[in-house]
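> Have a look at this one.
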Amino acid sequence: MIQDIQKLQDFLYSILKSNMEKMECIGDQVIIYTSEQDLLKVISFLKYHSFLKYNQLMDVTCLDYPDQKKRFHVVYQLLSIENNGRITIKVPVDELTPVPSVGNLFPSAGWFEREVWDLFGVFFLNHPDLRRILTDYGFQGHPLRKDFPVTGYYQVRYDDEKKRIISEPVELSQQIRTFDYVGPWNQLKNS
């Protein structure tokens with residue numbers, strides 16, 4: 001299996017070296033880093049090449065590294081059933097750089113890209129219906145970004161008096177507490 005992975009890496013490098021930033025192998029998983037300009041070329045090659053046949057898009061997701069210049073890594077997982085193999089493509093982008101939609105190559109990408117847009121705020125060019133999919137109408141921000149507040153900005157609750165759902169700013173109140181700083185295991189020793 002390792003020899004097959006090495007052959008695959010060598011083959012991919014010989015063909016795609018001008019379209020990739022780097023390639024790495026973790027276990028038996030090949031990961032290709034490419035730019036947003038070369039994404040469609042790389043994915044088309046992987047899908048339509050008669051030897052590779054990565055013709056199923058399993059997932060599109062995103063990683064957030066807020067301390068990096070290109071903080072988002074859009075991740076594509078492709079599957080080749082005939083060759084029993086998977087490959088990962090990562091596209092590092094900043095907050096303002098759009099990523100081309102792969103919806104024309106894989107129709108299932110539409111939902112995945114909408115999810116990434118909604119939760120991370122990565123914009124996909126030429127997406128036919130890029131709108132929120134998991135958050136509520138009028139939701140502000142993108143909740144899976146590392147800099148999004150843990151509690152959010154608004155809370156939604158049902159008001160019995162008004163007989164409707166209301167949205168209001170989050171109010172965090174904390175009761176005054178005193179701490180004895182003695183763990184329960186220390187209390188048992190002293191008793």
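> Quick one: V60 ticks every box in (1) closer than 20 Å to P92 by Cβ; (2) in contact with a strand residue (DSSP E or B) (Cβ under 7 Å, 6 or more places away or on another chain); (3) without any contact (Cβ under 8 Å) to a residue 40 or more places away in the chain except a single one, so which number is it?
So V60 meets the others, but not (3).
> Within region 30-53, is even one residue assigned to a loop (DSSP other than H, G, I, E, B), of a type in the set (S, T, Y), touching a Gly at 6+ places or on another chain (Cβ under 9 Å) and farther than 17 Å from T97 by Cβ?
no
Residue-by-condition table, conditions (1) under 18 Å from the mean Cα position of the chain (by Cα); (2) at pLDDT 80 or above; (3) surrounded by fewer than 10 Cβ atoms within 10 Å (Cβ to Cβ):
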position	(1), (2), (3)
G138	no, no, yes
G141	yes, yes, no
L144	yes, yes, no
Y154	no, no, no
Y158	no, yes, yes
E161	no, yes, yes
R164	no, yes, yes
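> Are there any pairs with C-beta distances below 9 angstrom linking a residue in region 5-24 that is among the β-branched types (V, I, T) to a residue that is part of a helix (DSSP H, G or I) and modelled with pLDDT of 90 or more, with the two at least 6 apart or on different chains, and if so which?
From residues that are among the β-branched types (V, I, T), the pairs are I15/F45.
> Of all residues being surrounded by fewer than 17 Cβ atoms within 10 Å (Cβ to Cβ), farther than 18 Å from L125 by Cα and aliphatic (A, V, I, L, M) in region 57-78, which is nearest to the chain's Cα centre (by Cα)? Just the residue, please.
L63
> Give region 90-109 a look and list any residue that's touching a residue at least 24 places away in the same chain (Cβ under 8 Å) and not in a strand (DSSP E or B), or say none.
If the condition is that a residue be touching a residue at least 24 places away in the same chain (Cβ under 8 Å) and not in a strand (DSSP E or B), then D94, E95, T97, P98, S101, V102, G103, L105, F106, S108, A109 are the ones that fit.
> Return a yes/no flag: does region 102-109 have any residue that is in contact with a Ser or Thr (Cβ under 6 Å, 6 or more places away or on another chain) and surrounded by 11 or more Cβ atoms within 10 Å (Cβ to Cβ).
no
> Being β-branched (V, I, T), in contact (Cβ under 8 Å) with a residue 12 or more places away in the chain, under 30 Å from K17 (Cβ atoms) and exposed (fewer than 13 other Cβ atoms within 10 Å of the Cβ) is true for just one of I87, I81, I43. Which residue is that?
From the options I87, I81, I43, the qualifying one is I81.
The values are calculated or read from the model by the stated rules, or taken from the named source; none is laboratory data. Just so you know, these numbers come straight off a predicted model, no measurement behind them. In this analysis, Cβ positions are derived from the backbone assuming ideal geometry, glycine residues included, and neighbour counts consider all displayed protein chains.
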